[in-house]
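Presented below is the structure to which this report refers.
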Amino acid sequence: MMISPATADVVVVGAGLAGCAAALAAAERGATVLLLEKGEQPGGSSVRAGGGLLFAGTSLQRRHGVADSTEALRAAIVAAGQDRGDPAAVDVYADNQLAAYEWLAGLGQEFILVPANADITIPRLHAAPPSALTALLLERLAATGRGRVVTGAAGGRLTTDHGRVTGVLVSQGGVERPVSARLGVILATGGFTQSPELLRTFAPQWADAVAMGGDGNTGDGLRMAMAVGARLADMGYVAGTFGAAAVDYPGLGAVPGTAPRLLFPHAAGAIVVNRDGRRFVNEGLGYKVIAGVCAGQPDGIAFQVFDQSVMDKSVPVPSPRDFARALADGLLFQAPTLAALAERMRVDAVVLADTVARYNAGVRAGADHEHGRPLSMARELTTPPYYGYPCRAGLTTTYCGVRVSRRLEVLDVFDQPIGGLFAAGEVVGGLHGAGYLTGTGLGKAAVYGRVAGLAAAAC
C-alpha cells in the first residue's frame, strides 16, 4: 500500500504494540492517523516478547484475591531501577497503567494472572499473547475509519518548521517522500538490538550477545530524535537478559531461520550451573543481573537444571514459562538420571551430582549458604526425569532511549519539549533506570502508546 494521501493529523512511526496502541488512542480521540511500519507485517519486537504486562489494582487481581495498588507498583519500579530512573517516566507508567488495562480489557482482550515467582513477588504480571494484542488494536483501528496502516515504509529524518516537528521523510519501494503530520509525530520504533553500530557506541559489552529484538530494531527512532536535539536517558544501563536458548549447543552460533527464544525455569525452581557443572549465582536475582554473571562464565554458557516438579509448573503464557513447548521444540535435554543428563550436557557427572546434592541439602535446611538463594518456596530436585536447558545472555531490548515529559513529549538537551514530537515504547528511556522489573517492557508499550496517542491528538 502506497502512502496516499501523504498527510494525517498524527503520524506514528513503528507498528509494534506501542505504535498500535498510540494509533488507536489517537483515532479514538478523533484524529486521522497514519501508522507506518518498515517491515512487511506489523508487530515489531512485541510479537517476539514473552507476553506479560505489569499492571496493579486490576479487576483480575481482585478476582484472585490479590491486594495491590498504583503506589506499590510505583515503589517496585523505582526499587528495581535502583532509584536511578526518571521520575517523570515512572509516573507516566504508574499513573496510567490501570487505565491502560481497563482500556485493553474493554476492547475485549483477556489476560491471565501469572502467579508470584522469583521475579515478581506479587501477582502483577498479566499475560496475553502479544500477537493477539496487536491484532486486536489494529482491528479496532480499522473500525474507526480514521486510521491507515502502511507497511514497507521506513521513517528517515524528521521534517521541522521553526523547531517544531511537522512530519517525517519516508522511504517506500526505493522512493523517499515527505509525510506531513498536522498535530504530531509519535516515534514507536523500538530499540537498537539489531544495530551493531549503536551497540558498539552505547553498550559495547553486549555487542556480541544474542540479538533478540525485532529485525527492524536498528535504532531508527533514536537517530531521528537525536538529529533534532533529543536528550537521552538510561544509555549506560543497557543489559542482557539471562535465558536465551543456545540453540546450536555445543556450538555457540545462531541457527539460520531460528528465532531466538527465552526460557525461565530458574524462576520456577531450577538451579543454574556452568559448563563445569557448578552453581555460580543466586538464582533468585533478576535475570538482568544473572545475565551479567553468566557472561563471565566459560564460553558465556549456562544450564538451567531441573526435575519433573519444575516441569509440572509449565504454562502456555507467558512463553518463557512454557517449558513443555521448549521440550517439544528440542530446546531441552531430558534424561532419566542426573548422570545421563550430565552426559547429554557435556558436563562432569560427579560434579553435577554433588552440586544438586548440596543444593537439596540447603533446601532441607532452609538456607542456601553457597549463593543466598531464598528457599522459602523451593523444593528439592529429586523427581525424574531431569532436564537441562543450555542458555546464555540475550539482548531482548535496550531499555534506554529518549527522555520524555509526562505527556510523552520528547525533550531536548535543555529539557524543553520538542514541539510536535512524541515517543512511546522501547525508544523511551528513563523508566527502568539501572534495572528492570518484569512486565514493564510490554507494559511500557501499551501504557506509553495510549498516553502518547491521546496527547498527540489533543495538540
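The values are calculated or read from the model by the stated rules, or taken from the named source; none is laboratory data. Since this is a predicted model, take the numbers as computed values, not measurements. Please note: Cβ atoms are built from the backbone with ideal geometry, for glycine as well, and neighbour counts cover all protein chains shown. All accessible areas refer to the heavy atoms of the entire protein, side chains included, with ligands and DNA or RNA removed. Shrake-Rupley method; radii C 1.70, N 1.55, O 1.52, S 1.80 Å.
A few remarks follow.
- Restricting Ala326, Ala342, Ala291 to those that are in contact with a Phe, Trp or Tyr (Cβ under 8 Å, 6 or more places away or on another chain), at pLDDT 95 or above, not aromatic (Phe, Trp, Tyr) and not in a strand (DSSP E or B) reduces the list to Ala326.
- Test set (1) within 19 Å of the chain's Cα centre (by Cα); (2) at positive phi - Gly163 fails condition number: (1)
- Across the stretch 172-197, the qualifying residues are those that are in contact (Cβ under 8 Å) with a residue 60 or more places away in the chain and among the hydroxyl-bearing types (Ser, Thr, Tyr), and the one among them that is farthest from Leu454 (Cα to Cα) is Thr193.
- Residues in the stretch 26-59 that are touching an Asp or Glu at 6+ places or on another chain (Cβ under 9 Å) and surrounded by fewer than 20 Cβ atoms within 10 Å (Cβ to Cβ): Gly30, Gly39, Gly57, Ser59.
- As a summary of the residue check, Arg364 satisfies the conditions (1) surrounded by fewer than 17 Cβ atoms within 10 Å (Cβ to Cβ); (2) closer than 21 Å to Leu252 by Cβ except for the one numbered (2).
- All conditions but one from (1) surrounded by fewer than 24 Cβ atoms within 10 Å (Cβ to Cβ); (2) in a loop (DSSP other than H, G, I, E, B); (3) among the small types (Gly, Ala, Ser) apply to Ala239; the one that does not is (1).
- Boolean, Val168 is aliphatic (A, V, I, L, M), in contact with a Pro (Cβ under 8 Å, 6 or more places away or on another chain) and in contact (Cβ under 8 Å) with a residue 60 or more places away in the chain: yes
- Filter result (under 18 Å from the mean Cα position of the chain (by Cα) and open to solvent by 30 Å² or more (accessible area, probe 1.4 Å)) within the stretch 88-116: Ile112
- Scanning the stretch 307-320 for residues that are more than 17 Å from Ala378 (Cα to Cα) and either in a helix (DSSP H, G or I) or not hydrophobic (A, V, I, L, M, F, W, C) (or both) yields a total of 4.
- Among the criteria (1) assigned to a strand (DSSP E or B); (2) over 26 Å from Ile3 (Cα atoms), the one Asp208 does not fulfil is (1).
- All conditions in (1) closer than 30 Å to Val179 by Cα; (2) modelled with pLDDT of 95 or more; (3) open to solvent by 10 Å² or more (accessible area, probe 1.4 Å); (4) assigned to a loop (DSSP other than H, G, I, E, B) hold for Gly85, with the sole exception of (1).
- For the stretch 6-17, the condition of being assigned to a strand (DSSP E or B), touching a strand residue (DSSP E or B) at 6+ places or on another chain (Cβ under 9 Å) and surrounded by fewer than 20 Cβ atoms within 10 Å (Cβ to Cβ) holds for at least one residue.
- Residues satisfying the stated conditions in the stretch 385-414, i.e. out of contact with any Gly (no Cβ under 7 Å at 6 or more places or on another chain) and open to solvent by 70 Å² or more (accessible area, probe 1.4 Å): Arg406, Arg407, Phe414
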